[in-house]
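Below is one structure, written out as structure tokens; the observations come after it.
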Amino acid sequence: MNKPLTITKIKQMKSDNEPISVLTAYDYPSATLAEEAGIDIILVGDSLGNVVLGYDTTIPVTMDDMVYHTRAVARGARQTFIVSDMPFMSYHISKEETLRNAARLMQEGHAHAVKLEGGAEIAEEVYACVRAGIPVLGHIGLTPQSVHQLGGYKIQGKTEQDAARLLHDAKALEQAGAFGVVLELVTEPAAGKITSSLSIPTIGIGAGRKCDGQVLVYHDILQYASPYRNKKFVKTYANVGQTIRHAISEYVADVKSRAFPDESNSFEPQTEALSGGIYGSGKER
């Protein structure tokens, strides 16, 4: 059984020109499946606010939400490197508050690292975490927690001035000790420039082909949503939403027609043992 990646190995993957695969996960079964599929890194993103909790933005997501979901993911992917998002306003108040919240994700959530949104303005917080032994993944470009300040979901790095700002932010995060930087909705030329200028890996999401790795949302690559909205930077690999909807519709029809349960789903007094688990756990009760 493989061991989770280490920070050293992740950095080495950049040097070796080995692309880094990253996927979000928010619960035990999705984490287990991601690990079985061979994903390099699982990100417990605060995007769970959108795809799991039903919020319009990530801003309502709390520390308790992140700890809860990170702990579930950690139980399902014991051999995978897990990064957990620091949610909105969990690291802007003070260094002490930042360290306290980051420690919760490590101690209670069992994450291997945390992710913070922002550039040069949060470099001190990143440095404080790293100095305390907490690995940090940076995140610049489109930062969903600042969506209102940015004026919406807009592509970043379109002008030379904006691209220079992003590069400055990336270098500040590297200098502060971050082991990598997520680039979200950044133009490909700007992302390429940042990637070639850093010694740490860049992980792109909507940032083109020149990043050291890629991250996508679990629900996006599987179309696990209704209705599902196509996104230019996403490639979908299955339509799980349609499969689930169809299966539930068939179940409803079987119940209505009394086709389920039938004799094979029923217990008789002479039943001695079950061939499988009662609730799908694989263990008899």
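Restricting attention to the stretch 101-118, and to residues there that are of a type in the set (A, V, I, L, M) and not in a loop (DSSP other than H, G, I, E, B), which single residue is surrounded by the fewest Cβ atoms within 10 Å (Cβ to Cβ)?
ALA103
Suppose we filter THR98, THR70, THR62, THR58 for residues that are of a type outside the set (Gly, Ala, Ser) and surrounded by fewer than 16 Cβ atoms within 10 Å (Cβ to Cβ); which single one remains?
Being of a type outside the set (Gly, Ala, Ser) and surrounded by fewer than 16 Cβ atoms within 10 Å (Cβ to Cβ) holds for just one of THR98, THR70, THR62, THR58, which is THR62.
Output the residue which, of all residues in the stretch 254-275 that are in a loop (DSSP other than H, G, I, E, B) and surrounded by 10 or more Cβ atoms within 10 Å (Cβ to Cβ), is modelled with the lowest pLDDT.
Once the filter is applied, the top-ranked residue is LEU274.
Just to be sure, is GLN149 at pLDDT below 95, over 22 Å from PRO201 (Cβ atoms) and not basic (Lys, Arg)?
yes
Go through the stretch 157-188 and give me each residue that's part of a loop (DSSP other than H, G, I, E, B), in contact with a helix residue (DSSP H, G or I) (Cβ under 7 Å, 6 or more places away or on another chain) and more than 11 Å from ALA207 (Cβ to Cβ).
GLY177, ALA178, PHE179
Looking only at the stretch 61-78, filter to residues that are touching a helix residue (DSSP H, G or I) at 6+ places or on another chain (Cβ under 6 Å) and part of a loop (DSSP other than H, G, I, E, B); which one of those is nearest to GLU117 (Cα to Cα)?
Among those that are touching a helix residue (DSSP H, G or I) at 6+ places or on another chain (Cβ under 6 Å) and part of a loop (DSSP other than H, G, I, E, B), it is VAL61.
Rundown of residues vs (1) surrounded by fewer than 18 Cβ atoms within 10 Å (Cβ to Cβ); (2) among the charged types (D, E, K, R), yes/no style:
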| position | (1), (2) |
| --- | --- |
| LYS154 | yes, yes |
| GLN175 | yes, no |
| LEU185 | no, no |
| SER196 | yes, no |
| PRO201 | no, no |
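The values are calculated or read from the model by the stated rules, or taken from the named source; none is laboratory data. These numbers come from a predicted model, not from an experiment. As a convention, Cβ positions derive from the backbone with ideal geometry for all residues, glycine included, and neighbour counts pool all protein chains shown.
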